[in-house]
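Below: one structure, written as structure tokens.
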Amino acid sequence: MTQLNPMIEVTNLDKFYGTFHALKNIDLTVRQGEKVVICGPSGSGKSTLIRCFNGLEWHNSGRLVIDGIEVYEGAKEIRELRQEVGMVFQQFNLFPHLTVLENLMIGPMKVRKISKAQAEETARNYLDRVHIPEQADKYPAQLSGGQQQRVAIARSLCMETRIMLFDEPTSALDPEMINEVLDVMVELADTGMTMVVVTHEMGFARKVADTMVFMEAGQIVEISPPEQFFTNPSSERCRLFLNQILEH
Amino acid sequence: MTDLGISRGTGQPLPKPPYYKRFFGSSLVSVVIYAVIVGLIAYGSYSGAQGMGYNWQWYRVPQFLYRNTEIGFEWGEIPIGLVATINLSVISFLLATAIGLLVALLRLSGLVVGTSVAVAFLELIRNIPLLVLLYLFYYVLGPIFGFNRYTASILTLAVFHSALISEILRAGINAVPTGQWEAAKSIGMTPYQTYKYIVLPQSVRFMLPPMTGEVVHLIKSSAIVSVIAVAELTTFGRNIISDTYMSFEIWFTIALVYLVVTLILSIGVSYLEKKYAVDQ
């Protein structure tokens, strides 16, 4: 991994909400093609961190460089950057007034200014990739949660993203739908996509992650490869957390 | 219907509601009570008018709706006035929506200047009576900027209703979940694109019912421009009365015309709403 270009470089990053110190002195490097899984108790800053990666939140100090572009509030390149960095949300956030196909086409057509025919071809291609080509003309509300999340993944991919961020993509799903979404994410990982995933699905993490990150109270407590992370974590707090979520 | 009368589990019929509830709940009784109330009001006003010696001349009203002259069919003053009212209302409404959208976006812009300008505008307009606003536009701003009574009316109605419309638009825009903004942002949309393709199309659903109310309100308040003699339904009504002295018949007719127009509008929009709701 080390020989590949860094895609995300975080140095000394701090983030405040008023007086609340949400992210403390974060250092993290994600290389091209690397799969990073971030876990930790709720309120530990996992979501805030990845939301900084595409400018949904702004950090207050430190440096954040994504694919060679320096990210800061008011950066002109932020919109170009967002096109390269896809985001999948816990609540899917599909556009309810558009059909599945239109959800996939609107970004490429309006933002990337691609022709309608070409956008539709790309959209259908990615719908095949997430295994729901037959749902193209339905509205999001007519789909199950798992299907909606797969559409959301396809929507990001249609922008020809180079980095994919997942913010607890399976937390809002019924248990029987979690696997269909994780399967799509595993397939995506196999294509060599750079992925940063906030999740508590440790089975997925074991299968896919190159690097595990454990966060608590706005700090990164542990960064290690999964084999070490799951068997012999260096911090006591991380061991406790793993025991809690792996017991069931 | 059949299983509704049987309580679950025992198979025994449910006890019937009390007698008076069944009596007042039945549709026939409701219709009768309604007819009686309306009849009493109608009779009351009619006998009151008789008492003051009013000479009813309903037969003279149709000529103000339409006439068959030797030249052929021609519309009377009331339909012509109605068209003028609708014209005035449509133009004012479009202008009011444009101003309202601008004010709403200013208010939502998050800029201190934008918000304070919007709030100042809203407070100013909301706290001036419509009639005074009309006088301001016609007697003060009209001579200064050189616009006529028709323009003054349109501006008055547009400005007055833009304050209310901007609040409806703001509420509708705020009703769209923040996740939609974030999703649009995350695929690289500009704020303008987000409004145009994502937020506004979704807020229409939330805005439609209060906006209909606002159109109805605007059509009704457009009658006020008759005080500066702009040609529209109410003005025509006043003119007819000054010619014929049939104030009861003409005011009843004018009121009925407003009622019919606004009812058609409300029913039409509630049909649209249902159709729109199915799509979601």
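Each reported figure results from applying straightforward, stated rules to the coordinates on display, with no laboratory input. In this text the structure is predicted, and so the values were computed from the model without any measurement. Neighbour counts run over all protein chains shown; Cβ positions are idealised from the backbone, glycine included.
Inter-label distance, A:Thr11 to B:Phe147: 5.9 nm, where each label sits 7 Å from its Cα along the C-beta direction.
Across q = 0.12 Å⁻¹, chain B modelled as identical point scatterers on its alpha-carbon atoms has Debye log10 I(q)/I(0) values of -0.98, in the order of the q list.
For chain A, dividing the convex hull volume of the Cα atoms by the residue count gives 131 Å³ per residue. Adding -39500 (n - 2.57) for every DSSP H run of four residues or longer, then dividing by how many residues chain B holds, sets the calculated 222 nm ellipticity at -23000 deg cm²/dmol.
Bridgeable aspartates and glutamates around B:Lys220 (alpha carbons under 14 Å apart, same-chain partners fewer than 8 residues away excluded): B:Glu232. Rounded to the nearest 10 degrees, the angle from helix A:100-110 to the longest Cα principal axis of chain A is 80 degrees.
Size descriptors for the stretch B:1-125: radius of gyration and Dmax over Cα atoms are 28.9, 79 Å.
FRET efficiency for the pair A:Arg162 and A:Asn243, taken as 1/(1 + (r/R0)^6) with r the Cβ-Cβ distance and R0 = 45 Å, rounds to 0.80. State the answer as a single residue: which of B:Phe73, B:Thr234, B:Thr244 lies farthest towards the positive end of the charge dipole of chain B, with beta carbon charges of +1 for Lys and Arg and -1 for Asp and Glu, about the Cα centre. Value computed over the given set: B:Thr234. Efficiency by 1/(1 + (r/R0)^6): what FRET value for B:Leu102 and A:Val186, r their Cβ-Cβ distance, R0 = 35 Å, to the nearest 0.05? It comes to 0.10. Its alpha carbons give the protein assembly as shown an Rg and a Dmax of 32.8, 105 Å. Projected label points at A:Lys24 and B:Val29, each 7 Å from Cα along the beta carbon direction, are separated by 7.2 nanometres.
For A:Lys24, list the lysines whose Cα falls under 27 Å from its own Cα; do not include residues on the same chain fewer than 8 positions away. List returned: A:Lys15, A:Lys35, A:Lys46, A:Lys76, B:Lys185.
When A:Tyr126, B:Tyr46, B:Tyr271 are ordered from fewest to most other Cβ atoms inside 10 Å of their Cβ, what list results? Could the numbers behind the result be given before it?
Working: A:Tyr126 20, B:Tyr46 13, B:Tyr271 10.
Exposure proxy ranking, most exposed first: B:Tyr271, B:Tyr46, A:Tyr126.
Using the Karplus relation 6.51 cos²θ - 1.76 cosθ + 1.60 with θ = phi - 60°, the per-residue 3J(HN,Hα) values for the stretch B:240-247 come to 4, 5, 5, 7, 10, 6, 9, 5 Hz, with x marking Gly and Pro.
Note on B:Lys275 and B:Leu263: the model spin-label points, each 7 Å out from Cα along the C-beta direction, lie 2.2 nm apart.
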